[in-house]
1. Give me the mean projected area, in nm² to one decimal, of the convex hull enclosing the Cα positions of the stretch 115-288.
2. On average over all directions, what projected area in square nanometres does the stretch 6-103 have, based on the convex hull of its Cα atoms?
3. The stretch 147-192: D in µm²/s via Stokes-Einstein (Kirkwood Rh, Cα pairs, 25 °C, 0.890 mPa s)?
4. For the stretch 161-240, what is Rg from Cα atoms divided by 2.2 N^0.38 Å, rounded to two decimals?
5. Kindly identify the stretch 111-152 as rounded, prolate or oblate by the Cα gyration tensor criterion: order the square roots of the eigenvalues as a ≥ b ≥ c, call it rounded if a/c is under 1.5, otherwise compare a/b with b/c, prolate if a/b is larger, else oblate.
6. Run through all the Cα pairs of the chain and give the fraction in each 20 Å bin from 0, expressed as whole percent.
7. Taking the Cα-to-Cβ direction at S235 and at W286 and moving 7 Å from each Cα, how far apart do the two end points lie in nm?
8. State which entries of K185/K238; K185/K205; K7/K205; K6/K205 exceed 20 angstrom in Cα-Cα distance in the structure shown.
Amino acid sequence: MAGIDKKNLAAEVREFLSTRRARITPEQAGLPVYGGNRRVTGLRREEVALLAGMSVDYYIRLERGNLSGVSDSVLEALAHALRFNEAERAYLYDLARSATPSGRRPNVTASRVRPTIVRLLDSMTDVPAYVRNARFDILAANELGRALYAPVFDSPLFAQCGPVNTARFLFLDPAAQDFWTDWDKGANDSVAFLRTETGRAPHDKALTDMIGELTTKSDEFARRWARHDVKFHRSGVKNLHHPLVGDLALPYEAMDLPSDPGLRLNFYTPEPDSREQEALSLLASWASTGTVVPSRPSRND
């Protein structure tokens, strides 16, 4: 979604709903299939309408982008018919809110990290941690977080100007292919997270400008953006290759900061007595003594 204007919003609704119904077959939805020649991938509009308990004309109106004034019960029926997960359901509600004049409230995003949060980061000496916004700008990090993400912090992309941004690094710096051992998953997730944020904060010009930049400069980003996937960023396992300590599988948590809208605290917690814990301890020791951490990962060293 490149902006909040009516035309772009309608196009986003149309593409989002049509791509969601294209992934569900009649068999998966429990519907009979008559004839062997279907001209559409997935469900037809009339099949979605049947599953959602609404008229075909009304569903066509929704898929054309007219979500203004749509009730929660209709949104719930649509989400159920299209088998939305939690993130997709939330995104649908965000689109409907943007389509309703009374619901178009600007989302305020904190622009700096408060001193108390910086002190919290600095006190977390045993785990890598950083604070980022929804655009993937890293606004603050502890010593171990900077050491773990040295390839990102030292990327030539950010040599002249910041902020350091993991999405830009992922799609615009070739070193990202080495740093993320599962680059495809990282790329898919990052794009889905950004798509989710466009629904939550459609007025964020910096966000839409960055999406426009990545779409223009990266075919990989543009291809994934066209899928209209959405996802929440809460927890999981990050697979990284660090130039000093090698491959790491690090469980992570991403926690919203309630007093700082739009900011998230990310931290990595390795399993006790694991190779990852040992590697992070070694990395922390090097960082604390001022040892220069190589920033260009290479698996051939």
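Every number in this text was worked out from the coordinates using simple rules, so none of it is lab data. Remember, predicted model here, so these are calculated numbers, not experimental data. Virtual Cβ from ideal backbone geometry, glycine too; neighbours counted across all protein chains shown.
1. Working: hull surface 39.7 nm².
With every direction weighted equally, the projected area is 9.9 nm².
2. Numbers: hull surface 24.9 nm².
About 6.2 nm², averaged over all directions.
3. Details: Rh = 10.8 Å.
For these conditions, the coefficient is 228 µm²/s.
4. Numbers: Rg = 12.3 Å, N = 80, 2.2 N^0.38 = 11.6 Å.
The stretch 161-240 yields a ratio of 1.06.
5. Working: a/c = 2.53, a/b = 1.06, b/c = 2.38.
Here the stretch 111-152 falls in the oblate category.
6. With 20 Å bins starting at 0, P(r) equals 30, 50, 19, 1.
7. Rounded to a tenth, the inter-label distance reads 3.0 nm.
8. Details: K185/K238 10 Å; K185/K205 26 Å; K7/K205 17 Å; K6/K205 16 Å.
Cα-Cα > 20 Å for K185/K205; rest within.
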